[in-house]
Amino acid sequence: MAVCARLCGVGQSRRCRRRQRNNQPDQGSDSDMDEEDGERIVGQRRGDAGSCGGPERVVATAGPSDACEYGSGHVNRGGCRDRTSRGPPHPQSLLELPPELLVEIFSLLPGTVLPNVALVCKKFRQILNTETIWRRRCVEVLYPYRHILGLWQPDIGPYGGLLNVVVDGLFIIGWMYLPPHDPRVEDPMRRRPLFRIHLWESKKATVECMYGHKGPHKGDIQTVKKDEFSTKCNQTDHHRMPGGRQEEFRTWLEEEWGRTLEEIFHEHMQELILMKFIYTSQYDNCLTYRRIYLPPTMPSDLLQPGLFKGTYGSHGLEIVMFSFHGTSARATKLTGDPNVPAGQLTLDVDLSRPVVLPELEQQRNIDELSRLVLGIHEVVQREAEQQAGGASATVGHTAEGACGGATAMEADHDACSDSCLPGPSTSSNNPSETQPFVLPLGVMARNEVYPRTCRKCFYGTGLIAGHGFTSPERTPGLFVLFDDDRFGFIWLELKSFSLYSRLTDHLAHAHAPNLERFEAMLRNMQSWTS
């Protein structure tokens, strides 16, 4: 208590003395002064100032900082003690200390005793609601783990994933973000906690694995290198279920797909699901994570870049990162499958090659759509061949050179224009203007509920490959922008349609420091699974 009293003497001492003075008898004329109006100190004359060594002083008002020592009398402006008065005695209880000092004292206590301190009295409970105390506690204890906040991609072979590490009260929690059940692409994301860092006592935190169905258990987190860390479960027996692997598979299937295996009639789809369970369950939450960033936003972007959920046939729903790069827009897989793994560029859209759709009845004809898109695709291929051969001509000259001769060049260029853009253009700079849209007959869609109007369409390519990412190939298709939160892609060769819907969850600590770091991250993502 003596330490607390001395600390109080150098803090907000006026309030402490005023609080004590109300309970003390008369101590003299100086002690009777109203401290709300300030303490008036009368300086001594020059002849009486020997002990001070200062000149003759005038009457002055002093604040709390003018005290030489708490409880030892007032001082004048010259720094001398006024021996005619005595201050109040030291506080006899913590309740008599000012709130500012109590905040400092409570901040030094172990975190586990603070809830008990809050039960002492109403005043202590109110002070312990001060955010400063808990912020300081969290910074001290959780500081070593600050670098893992943000977005990460787990290294789970071709399947990848999306992990968001956030601060939640006295915890740091790693949430695995899972797409909604196929084919409900517009449903919200599902979240599953994989680990948490728990504040237990002063300057100590415990890592807990949250995987499995038996509650939190011991885990560990290690920093491998910059922008990379790994998790390890120290009690993998907590992941096992009484019914063995069959019960674990049924539980996983219900969580992952929202149905039983008997309800999935497609045999190939059953094989893919079983393959994923066998592959992913072997990790037992012992994973390595690599940092990823949200794409930067530019005023010229066609829509706000970000994360989207998309339908991928028998593989179910997958998460892609949609970003803009000059005259192209790209979708990179964050989750993948055995054919096209996570990290690969699934869509590449050429924003310099718009496609104006024909009338609604003609849109139903797959041959008409193929004619439009393949016409542009042939032009792109010719340009790429000439660039590979060292040609330095412009885009227009490249298209002309493919026909050989000035007259033939102009005719071929006109023919390409006619096939790529039939009829007058209906595109507009006004994003609110739309045109009717319908899928061609014969094009398969996992989700029949898709928008019936669109804003713009562009030529693009999609990545397809055999099992094990064998023989990858970019195939032409049509990118369809529906609105700010939805777009689609028609895979012509597969006669399939993918619908993408924006992931609307708030993701903190996820923005790239600069464009160069984001571009480097995309290149690294592709190399992880190439």
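The values are calculated or read from the model by the stated rules, or taken from the named source; none is laboratory data. What you see is a predicted model, and the numbers here were worked out from it, not measured in a lab. Every residue, glycine as well, gets a Cβ built from its backbone with ideal geometry; the counts of neighbours run over all protein chains shown. Side chains are part of the model used for accessible areas, which takes the heavy atoms of the whole protein and leaves out ligands, DNA and RNA. Shrake-Rupley method; radii C 1.70, N 1.55, O 1.52, S 1.80 Å.
What about D337, is it of a type outside the set (S, T, N, Q), in contact (Cβ under 8 Å) with a residue 24 or more places away in the chain and under 18 Å from G488 (Cβ atoms)? Break it down stepwise before answering.
Details: of a type outside the set (S, T, N, Q): yes; in contact (Cβ under 8 Å) with a residue 24 or more places away in the chain: yes; under 18 Å from G488 (Cβ atoms): no.
For D337, the condition - of a type outside the set (S, T, N, Q), in contact (Cβ under 8 Å) with a residue 24 or more places away in the chain and under 18 Å from G488 (Cβ atoms) - is not met.
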Check: Restricting region 229-283 to residues that are under 18 Å from D182 (Cα atoms) and basic (K, R), which is surrounded by the most Cβ atoms within 10 Å (Cβ to Cβ)?
Finding: K276
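Quick one: would you say L478 is at pLDDT 90 or above and in a loop (DSSP other than H, G, I, E, B)? Even if it seems obvious, please write down each step before you answer.
Numbers: at pLDDT 90 or above: yes; in a loop (DSSP other than H, G, I, E, B): no.
It is false that L478 is at pLDDT 90 or above and in a loop (DSSP other than H, G, I, E, B).
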Item checked: region 155-182, subset at pLDDT below 90 and over 27 Å from Q526 (Cα atoms), residue least open to solvent (accessible area, probe 1.4 Å) -> I172
Next item on the list: Can you run down the residue pairs with Cβ atoms below 6 Å, 6 or more apart or on separate chains, where the first is in region 498-516 and assigned to a strand (DSSP E or B) and the partner is modelled with pLDDT under 90?
Entry: L499/N447
Next item on the list: Could you list, in sequence order, all residues of region 453-463 that are open to solvent by 30 Å² or more (accessible area, probe 1.4 Å) and assigned to a strand (DSSP E or B)?
Entry: T453, K456
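Please work out if F277 is modelled with pLDDT of 95 or more and not β-branched (V, I, T). Working first, answer last.
Values: modelled with pLDDT of 95 or more: no; not β-branched (V, I, T): yes.
For F277, the condition - modelled with pLDDT of 95 or more and not β-branched (V, I, T) - is not met.
Could you tell me which residue of region 330-341 is nearest to H268 (Cα to Cα), considering only residues that are open to solvent by less than 20 Å² (accessible area, probe 1.4 Å) and not in a loop (DSSP other than H, G, I, E, B)? Break it down into steps so the answer makes sense when it comes.
Here is the first cut: in region 330-341, the residues open to solvent by less than 20 Å² (accessible area, probe 1.4 Å) are 331-338, 340-341.
With the extra rule that they be not in a loop (DSSP other than H, G, I, E, B), the set shrinks to 331-333, 335.
Numbers: A331: 26, T332: 25, K333: 22, T335: 20 Å.
Within region 330-341, the match that is nearest to H268 (Cα to Cα) is T335.
Can you find even one residue in region 441-448 that is within 32 Å of the chain's Cα centre (by Cα) and either open to solvent by less than 20 Å² (accessible area, probe 1.4 Å) or β-branched (V, I, T) (or both)?
As a first pass, look at region 441-448 and keep what is within 32 Å of the chain's Cα centre (by Cα): 445-448.
From the residues that got through so far, the ones that are either open to solvent by less than 20 Å² (accessible area, probe 1.4 Å) or β-branched (V, I, T) (or both) too are 445.
Yes, there is a match, as at least one residue in region 441-448 is within 32 Å of the chain's Cα centre (by Cα) and either open to solvent by less than 20 Å² (accessible area, probe 1.4 Å) or β-branched (V, I, T) (or both).
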Check: In region 365-386, is there at least one residue being open to solvent by 10 Å² or more (accessible area, probe 1.4 Å), free of Cβ contacts under 8 Å to residues at least 12 places away in the same chain and part of a loop (DSSP other than H, G, I, E, B)?
Finding: no
Check: List pairs: first in region 101-130 and free of Cβ contacts under 8 Å to residues at least 40 places away in the same chain and under 23 Å from A205 (Cβ atoms), second outside any loop (DSSP other than H, G, I, E, B) and among the basic types (K, R), Cβ under 9 Å, 6+ apart or cross-chain?
Finding: S107/R136; S107/R137; L114/R137; V117/R125; A118/R125
Next item on the list: Please work out which one of (1) touching a Phe, Trp or Tyr at 6+ places or on another chain (Cβ under 8 Å); (2) open to solvent by less than 30 Å² (accessible area, probe 1.4 Å) is the condition Q222 fails and give its number.
Entry: (2)
Checklist line | L347 being open to solvent by 40 Å² or more (accessible area, probe 1.4 Å) and either in contact (Cβ under 8 Å) with a residue 60 or more places away in the chain or within 39 Å of the chain's Cα centre (by Cα) (or both) | finding: no
Note to self: I'd like to verify a number: residues in region 484-524 that are more than 15 Å from P295 (Cβ to Cβ) and either among the aromatic types (F, W, Y) or open to solvent by less than 70 Å² (accessible area, probe 1.4 Å) (or both), how many?
What the structure shows: 13
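Identify all residues within region 310-329 that are open to solvent by less than 10 Å² (accessible area, probe 1.4 Å) and either part of a strand (DSSP E or B) or of a type in the set (F, W, Y) (or both); write none if there are none. Let's see the steps before the verdict.
Pass one, region 310-329, residues open to solvent by less than 10 Å² (accessible area, probe 1.4 Å): 310-311, 316, 318-323, 329.
Passing the criteria: G310, T311, E318, I319, V320, M321, F322, S323, A329.
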Next item on the list: Could you tell me whether region 195-211 includes any residue that is open to solvent by 60 Å² or more (accessible area, probe 1.4 Å) and closer than 30 Å to R502 by Cβ?
Entry: yes
Notebook entry, point to check: In this structure, is Y450 touching a Phe, Trp or Tyr at 6+ places or on another chain (Cβ under 9 Å) and either small (G, A, S) or not in a strand (DSSP E or B) (or both)?
Noted result: yes
Note to self: Conditions first: (1) under 21 Å from F518 (Cβ atoms); (2) surrounded by fewer than 21 Cβ atoms within 10 Å (Cβ to Cβ). P295 passes all but one, so which condition is the exception?
What the structure shows: (2)
Note to self: Just to be sure before I move on: is V185 touching a residue at least 24 places away in the same chain (Cβ under 8 Å), surrounded by 13 or more Cβ atoms within 10 Å (Cβ to Cβ) and not basic (K, R) in the structure I sent?
What the structure shows: yes
Item checked: Meets criteria (under 26 Å from K309 (Cα atoms) and touching a strand residue (DSSP E or B) at 6+ places or on another chain (Cβ under 9 Å)) for D168 -> yes
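Residue-by-condition table, conditions (1) modelled with pLDDT of 95 or more; (2) touching a helix residue (DSSP H, G or I) at 6+ places or on another chain (Cβ under 9 Å); (3) over 24 Å from E359 (Cβ atoms):
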position	(1), (2), (3)
P451	no, no, no
T461	yes, yes, yes
F482	yes, no, no
T504	no, no, yes
A520	no, no, yes
Notebook entry, point to check: Out of all the residues in region 105-133, which are in contact with a helix residue (DSSP H, G or I) (Cβ under 8 Å, 6 or more places away or on another chain), modelled with pLDDT of 75 or more, part of a helix (DSSP H, G or I) and loosely packed, with under 15 Cβ neighbours inside 10 Å?
Noted result: K123, R125
Check: Taking region 186-215 as the search range and keeping residues that are closer than 16 Å to D168 by Cα and of a type outside the set (A, V, I, L, M, F, W, C), which one is modelled with the lowest pLDDT?
Finding: H198
